[in-house]
Ligand SMILES: NC(=O)c1ccc[n+]([C@@H]2O[C@H](COP(=O)([O-])OP(=O)(O)OC[C@H]3O[C@@H](n4cnc5c(N)ncnc54)[C@H](OP(=O)(O)O)[C@@H]3O)[C@@H](O)[C@H]2O)c1
């Protein structure tokens with residue numbers, strides 16, 4: 001089943017889609033789900049949804065009218081969400097077997113949100129060893145790669161749908177106090193571009209989200225940067241999904257940083273590089 005807008009609202013949401021429609025025609029675009037993606041009645045999967053932004057995503061998709069949300073977590077707690085549309089399912093993104101079992105169980109997924117991530121808050125060279133960096137790369141890069149590989153055929157079979165990769169401003173320029181985390185997010189940004197290109201033909205929207213600081217455990221205590229509430233962040237990203245946006249700066253702080261990046265990426269590197 002394709003994830004399409006209602007008939008009255010079948011329109012390409014951005015110029016790129018419009019160009020695709022002009023080139024390939026409406027019939028093919030409709031078949032591939034290239035004409036606007038609606039989260040209403042969609043089947044959504046959110047990784048790392050037991051807390052933080054992931055948990056807020058589950059609520060945001062329910063509010064937007066999703067038919068079902070697979071709320072994945074390392075230790076599933078079915079009591080976490082009091083809505084029968086939520087299915088709490090186990091997933092460790094660093095484990096091939098865990099990802100394969102989930103893919104076998106969730107063949108109706110139409111929107112995949114790669115949200116789960118690890119952060120050591122260690123500098124690349126200042127860390128005592130490279131184990132933290134390896135763990136971040138395993139979750140934040142290989143974890144997303146595993147999920148994209150497992151779910152790309154499922155999304156194709158279900159009409160195209162979407163993959164939403166939660167990155168960070170740190171993917172665009174490194175914050176040295178969390179140097180290895182930013183490197184893993186930069187790797188994931190490059191992966192996002194690769195996946196976007198590889199899945200273009202099957203009509204899957206592949207979104208990169210360059211989030212600023214969020215008020216979750218990951219960015220807690222002592223941090224003086226303004227932090228966006230997770231429910232606001234999640235709602236903004238769901239809205240961007242409705243508009244078929246591909247590169248999203250979902251909060252006030254990331255929007256400002258994004259403007260600087262677009263104007264002068266080296267200036268952003270210099271600015272964030274002072275944060276050691
Ligand atoms: N917080 C920020 O300021 C900020 C800024 C920019 C981008 N982001 C990004 O936003 C996303 C959500 O972050 P958050 O702030 O909500 O972080 P969080 O509160 O620390 O939550 C991280 C989530 O990821 C899960 N997770 C970690 N490793 C996993 C694994 N191997 N397999 C499955 N799940 C795993 C955690 O599960 P457990 O409970 O089992 O550990 C938890 O549910 C992440 O991609 C993060 O990089 C966050």
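Worth pointing out:
- Relative frequency of Cα-Cα separations exceeding 30 Å in segment 7-273, percent: 25
- Rule-of-thumb Rg ratio for segment 35-107 [Cα; 2.2 N^0.38 Å; N residues]: 1.07
- Pairwise Cα separations in segment 138-198 fall into 10 Å bins from 0 onward with the following percentages, short to long: 23, 49, 22, 6, 0.
- Exposure proxy shown here: for 249, 142, 57, the number of other Cβ atoms within 10 Å sets the order, fewest to most, as 142, 249, 57.
- Approximate shape of segment 65-125 as ellipsoid semi-axes (Cα gyration tensor, √5λ), whole Å, largest first: 25, 15, 12
- Length gained on full extension, residue 190 to residue 270: 26.7 nm, using 0.36 nm per residue less the C-alpha separation.
- Centroid-to-centroid separation of segment 65-114 and segment 138-155 [C-alpha atoms, Å]: 14
- Percent of Cα pairs in segment 140-246 per distance bin of 10 Å, from zero to the largest separation: 14, 41, 34, 10, 1.
- Packing-based order for 186-192, 165-171, using average beta carbon neighbours within 10 Å, highest first: 165-171, 186-192
- When the convex hull of its Cα atoms is viewed from all sides, segment 202-267 shows a mean projected area of 5.8 nm².
We did not get these values from a lab; they are worked out from the coordinates using the rules stated. Note that the structure is a prediction, hence the values are computed from the model and not measured. When we count neighbours, we look across all protein chains shown, and the Cβ atoms used for this are built from the backbone with ideal geometry, even at glycine.
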